[in-house]
Ligand code: SF4
Ligand code: SF4
């Protein structure tokens with residue numbers, strides 16, 4: 001799919017190789033940028049505030065062991081720690097990768 005998209009863009013915009021292709025954020029896994037890794041702890045209430053602020057849309061609120069909580073997709077989490085800073089319950093801690 002990524003190759004098809006690149007070919008299509010190159011056809012329409014020759015020499016566009018140096019530019020980011022718009023609308024492909026799901027193809028650009030940002031997890032490798034991370035220095036700090038946010039970890040959701042048991043204090044999480046599943047309120048969803050962190051998910052609203054995450055710039056990578058990497059947090060989903062899911063039911064885990066019968067309790068709603070934030071689940072982070074580490075393929076896309078870039079480690080900015082906005083989630084940790086906005087959590088009113090101090091439920092996210094950081095570790096160094
Ligand atoms: S803001 Fe905090 S308590 Fe609310 S879902 Fe996120 S981690 Fe859990
Ligand atoms: S560290 Fe940043 S990118 Fe990762 S889940 Fe938190 S807000 Fe999203």
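Read the figures in this text as sums done on the coordinates, not as results from a lab. This is a predicted model, so every value here is computed, not measured. Using ideal geometry, Cβ is built from the backbone for each residue, glycine included, and neighbour counts are taken over all protein chains shown.
Could you line up 81, 26 from fewest to most neighbouring Cβ atoms inside 10 Å? Starting with the residue having the fewest Cβ neighbours, the order is 26, 81. Full extension of the chain between residue 39 and residue 82 gives 14.2 nm of extra length, using 0.36 nm per residue less the Cα-Cα distance.
Between residue 28 and residue 71, what's the calculated FRET efficiency when r is the beta-carbon distance and R0 is 22 Å? Round to 0.05.
Working: r = 21 Å, r/R0 = 0.93.
The computed FRET efficiency comes out at 0.60.
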